[in-house]
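Accompanying notes for the structure given below.
The values are calculated or read from the model by the stated rules, or taken from the named source; none is laboratory data. Keep in mind that what you see is a predicted model, and the values were worked out from it rather than measured. With ideal geometry, Cβ positions are generated from the backbone for all residues, glycine too; neighbour counts draw on all protein chains shown.
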Amino acid sequence: MPIPDAVRGTVLARLRHLGRAERAVVLRASAIGRHFALRVAVAAAARPEPDVRLALERARVLQLVVPAGHERYSFRHALTRDILYAEFIGTRTRPLHRRIANVLERILRSGEPVLEALAYHAWAAGDVTRALLYNELVGDNATAVHAYDDARRYYARARSVVDVGSAGYSRLTRKLQAIEAPS
């Protein structure tokens, strides 16, 4: 079942409030499962226990995890864990997608038609600026030729990288609504 962009955006926005080391702890905990013991999180994170406790406390404040008994935690919702786990998997492949996007961007400047591939790889790389720019541009191009399914996919990708409530999110929502409206 696909996860709504608004839910994904909210969870990832909360994750961005954590420091890099804290994010690493929470993302590695997501690989354990929805429910996990502190000692397993310490092993998965390969960090000292006090650091892991602090990261989990910060995640609790951000409503990502909840205490679940003595030395145990749970992700607040199964979808929260799923989103974070997908983010963890993504961090392993992002450098490759970033390199591909860099090459495709240079190729695009020479005039070759690689915009759709560039939009995908910028998004898969987690490059917010380029993912927004290129996916919205491809969405606009698809809308112009009435390829609404393609436009929806690219607009949804672009919207997934911006904060819910931001100007970009609102603009993309309007574009999605416009192509959903009956003609």
*Mind checking whether some residue in the range 138-152 is of a type outside the set (D, E, K, R), in contact with a helix residue (DSSP H, G or I) (Cβ under 7 Å, 6 or more places away or on another chain), closer than 23 Å to residue 83 by Cα and at pLDDT 95 or above?*
no
*Identify, please: which residue in the range 134-173 is outside any helix (DSSP H, G or I) and hydrophobic (A, V, I, L, M, F, W, C) and is, among those, nearest to residue 120 (Cα to Cα)?*
161
_Check on residue 127, in contact (Cβ under 8 Å) with a residue 40 or more places away in the chain, charged (D, E, K, R) and surrounded by 16 or more Cβ atoms within 10 Å (Cβ to Cβ)_ = no
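Out of the residues in the range 138-157 that are touching a Phe, Trp or Tyr at 6+ places or on another chain (Cβ under 8 Å) and not β-branched (Val, Ile, Thr), which is surrounded by the fewest Cβ atoms within 10 Å (Cβ to Cβ)?
Checked the range 138-157; the qualifying residue surrounded by the fewest Cβ atoms within 10 Å (Cβ to Cβ) is 142.
Conditions tested, residue by residue: (1) surrounded by fewer than 14 Cβ atoms within 10 Å (Cβ to Cβ); (2) over 15 Å from residue 86 (Cβ atoms).
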position	(1), (2)
4	yes, no
12	no, no
18	no, yes
24	no, yes
30	no, no
36	no, yes
40	no, yes
*State the number of residues belonging to the range 33-82 that are on the phi > 0 side of the Ramachandran plot and touching a helix residue (DSSP H, G or I) at 6+ places or on another chain (Cβ under 9 Å).*
4
_Which numbered condition residue 83 misses (of (1) surrounded by 16 or more Cβ atoms within 10 Å (Cβ to Cβ); (2) in contact with a Gly (Cβ under 9 Å, 6 or more places away or on another chain); (3) within 30 Å of residue 33 (Cβ to Cβ); (4) of a type outside the set (Ser, Thr, Tyr))_ = (2)
*Unique match (being in the same structural domain as residue 160 (by TED's automatic domain parsing) and at pLDDT below 90) among 117, 124*: 124
*State whether the residues of the range 109-122 include one that is within 19 Å of residue 3 (Cβ to Cβ) and in a helix (DSSP H, G or I).*
yes
